[in-house]
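The values are calculated or read from the model by the stated rules, or taken from the named source; none is laboratory data. All values derive from a computational prediction rather than experimental measurement. Using ideal geometry, Cβ is built from the backbone for each residue, glycine included, and neighbour counts are taken over all protein chains shown. Protein only, heavy atoms only, side chains kept; ligands, DNA and RNA dropped before computing areas. Shrake-Rupley method; radii C 1.70, N 1.55, O 1.52, S 1.80 Å.
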Amino acid sequence: MLEMRWLGKVAYRDAYTLQHRLFEGSSEHLLLMEHNHVFTLGVRAELSHILVDPASVGAEMIRVDRGGDVTYHGPGQLVGYPILDVPIKSNATPDFVAKIEELLIVALACYGIAAVRHDGYPGVWTNSKDGKLRKIAAIGVRLSRGRSMHGFALNVCPDLAMFSNIVPCGIANFEVTSMEREGSSATVEDLVATIAELAPTIFGRSQSSFYGVSSASGYLARSDSATSPSRISKHAPETALAELRSLDRRLASAGVSTTEGISISSSKPEWVKLRSNMGEGYQDLKRTMRSLSLVTVCEEAGCPNIFECWSQGTATFMINGEDCTRSCGFCLVKTDKPQPIDQGEPARVARAVREMGLEFAVITAVARDDLSDGGASGFVESIRAIRDQTPGVRIEVLISDCKGSETALGSIYDMRPEILNHNIETVLRLQRAVRPQASYARSLRVLAGAKDAGLVAKSGIIVGMGETYAELEATLRDLAAVGVDIVTIGQYLRPTRRHLPVSKWYAPREFAQLKLYGESLGIHHVESSPNTRSSYHAKRASEGLVMLS
Ligand code: SF4
């Protein structure tokens, strides 16, 4: 199955880590995306081909392990990374490059642009109206052990001036062009659809799937249905109204109707309802948390399993404060300007773990985009303190993406938590609507980084927010492709009217099917039930799994 994904705007380093992880696997992918301004230097690149200080033009500069010289990536350019099985034979690389050239030449023909090859110069060229040959797409690949990575960069409507800051591909005597310069008004998303249509045939793949982020343009088509009065009470403060309108817009652009959702006042199915049991275990744990001024996500996020877990003496500590810098559409945690980090918190968490006699401790945190490390040091200090006070305790951390910072994520990986958990939360199409400050590609990159570090990786999906069953299966395949070991799948419960509507109650048999499907892909354990949450039965799920030393 050729898994094609339109990932939208992706930071180059996120894409690089994700590509390497998929390259090491056995499944086949075509990743389509746009990058922020970046100059990449291939293995034969000459630094002298960078003519300016990249930072002075708002670009990054990154050395990469692909063939070729220096090239530019940026908004308005469609970048594609085919990660495929390529038979090992002589001329494998030029033959593979020729396949990619064919894909782009056929795609450009669909927009009336006659593109050609230019002997001795990999890439795709146009015979412009003035008869000059100009380069419209660059190609740089790496083939190794019968697998491919890196790929092509097709200039749809980028800022061509950025190419004057380098000697593109080391070629000084030819200009660079774009579809826009050649007179086409095609958008990057138009080319995504065209490439996704052509690629399976040109690469000779009979089975393929294609999923993509929702597009900003989607919203325009449905603006009328988005702001249905039933969801916005006339007494709501302006901020709430603005927030709801933006949530509706995001949902509409993802093709989710806010009026067709399940009404918040309708009763839940039996299998979602849980009895509250505030027995002794629960009361003891509550006293411990209060006496140590600790916060738990169990309480902050209104977890339905709190009675079961607390009566069994397990809880998930929430560090780095109660206010989150993000506003995921399903989450009850308050979005607000966070307080300064409480330096004493790691020691108190460690004391609670010791006093509760925990063998397995779970730590999570709000997103702290206000901090340069995204809150990573809170995890590092908490892990250190817990291990000091309770040697041998196993630790699971449920982290945010730390804004993709390699240093911040690396600092947590280096603490070697027994389980590195990071939730992808929902399917690709709904990412912008559900978690606007996060992204599918970045979350896969966080999990790929954890696997590269030899850790046990875990992720979670919330269902019932507008996804299709096929999209859930595709998300499980993507998690399996980066090597995720544990996945949790649970039913979305709408906290308030200000949150996403529930689109569907999944039946217990569907959770069972998703578990079977996920485990059939090689995921070690899928914890899937209506009331499953990220750290539900975390200890049990981790059994039988050890990190690579
Ligand atoms: S980042 Fe986490 S805590 Fe913050 S809103 Fe999203 S899910 Fe909730």
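What to note about this one:
- Of everything in the range 266-299 that is in contact (Cβ under 8 Å) with a residue 40 or more places away in the chain and assigned by TED's automatic domain parsing to the domain that holds Thr532, the residue that is nearest to the ligand (Cβ to nearest atom) is Val297.
- Residue satisfying all of: in the range 300-315; closer than 19 Å to Glu355 by Cα and assigned to a loop (DSSP other than H, G, I, E, B); nearest to the ligand (Cβ to nearest atom) among these: Ala315
- Scope the range 374-386; condition among the hydrophobic types (A, V, I, L, M, F, W, C) and either open to solvent by 40 Å² or more (accessible area, probe 1.4 Å) or within 16 Å of the ligand (Cβ to nearest atom) (or both); matching residues: Ala376, Phe379
Table: residues versus (1) assigned by TED's automatic domain parsing to the domain that holds Cys298; (2) open to solvent by 40 Å² or more (accessible area, probe 1.4 Å); (3) closer than 30 Å to Asp248 by Cα.
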site	(1), (2), (3)
Ser311	yes, yes, no
Glu322	yes, yes, yes
Phe330	yes, no, yes
Thr335	yes, yes, yes
Arg348	yes, yes, no
Val362	yes, no, no
Ala367	yes, no, yes
Ser372	yes, yes, no
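- Of the strands (runs of 3 or more DSSP E) lying entirely inside the range 15-124, those containing at least 1 residues that are in contact with an Asp or Glu (Cβ under 7 Å, 6 or more places away or on another chain) and surrounded by fewer than 17 Cβ atoms within 10 Å (Cβ to Cβ) span 115-118.
- In the range 116-144, the residues that are over 16 Å from Cys157 (Cα atoms) form Cβ pairs under 8 Å with partners that are surrounded by fewer than 17 Cβ atoms within 10 Å (Cβ to Cβ) and of a type in the set (Asp, Glu), at six or more places apart or across chains, as follows: Lys132/Glu175; Arg142/Asp65.
- When each of Gly449, Gly466 is tested for being assigned by TED's automatic domain parsing to the domain that holds Lys403, in contact with a helix residue (DSSP H, G or I) (Cβ under 7 Å, 6 or more places away or on another chain) and not in a helix (DSSP H, G or I), the lone residue that passes is Gly466.
- Filter pass, Leu428 being within 13 Å of the chain's Cα centre (by Cα) and of a type in the set (A, V, I, L, M): yes
- Test for Val397: is it away from the ligand (no atom under 12 Å from the Cβ), touching a residue at least 12 places away in the same chain (Cβ under 8 Å) and more than 13 Å from Phe317 (Cβ to Cβ): no
- Taken over the range 260-297, the criterion of being over 17 Å from Pro530 (Cβ atoms), open to solvent by less than 60 Å² (accessible area, probe 1.4 Å) and within 28 Å of the chain's Cα centre (by Cα) is satisfied by Gly261, Val295, Thr296, Val297.
- In the range 20-40, the residues that are in contact with a Gly (Cβ under 9 Å, 6 or more places away or on another chain) and closer than 28 Å to Ala481 by Cβ: Arg21, Glu24, Gly25, Leu30, Leu31, Leu32, Met33, Glu34, His35, Asn36, Val38, Thr40
- Index of the failed condition, Ala114 passing every other in (1) at pLDDT 95 or above; (2) over 32 Å from the mean Cα position of the chain (by Cα); (3) within 27 Å of Leu198 (Cβ to Cβ): (1)
- Residue check: Cys331 meets all listed conditions (1) within 16 Å of the ligand (Cβ to nearest atom); (2) among the hydrophobic types (A, V, I, L, M, F, W, C); (3) at pLDDT below 85 but one, namely (3).
- Subset of the range 125-153 [open to solvent by 50 Å² or more (accessible area, probe 1.4 Å) and either of a type in the set (Gly, Ala, Ser) or assigned to a loop (DSSP other than H, G, I, E, B) (or both)]: Lys129, Asp130, Gly131, Lys132, Arg145
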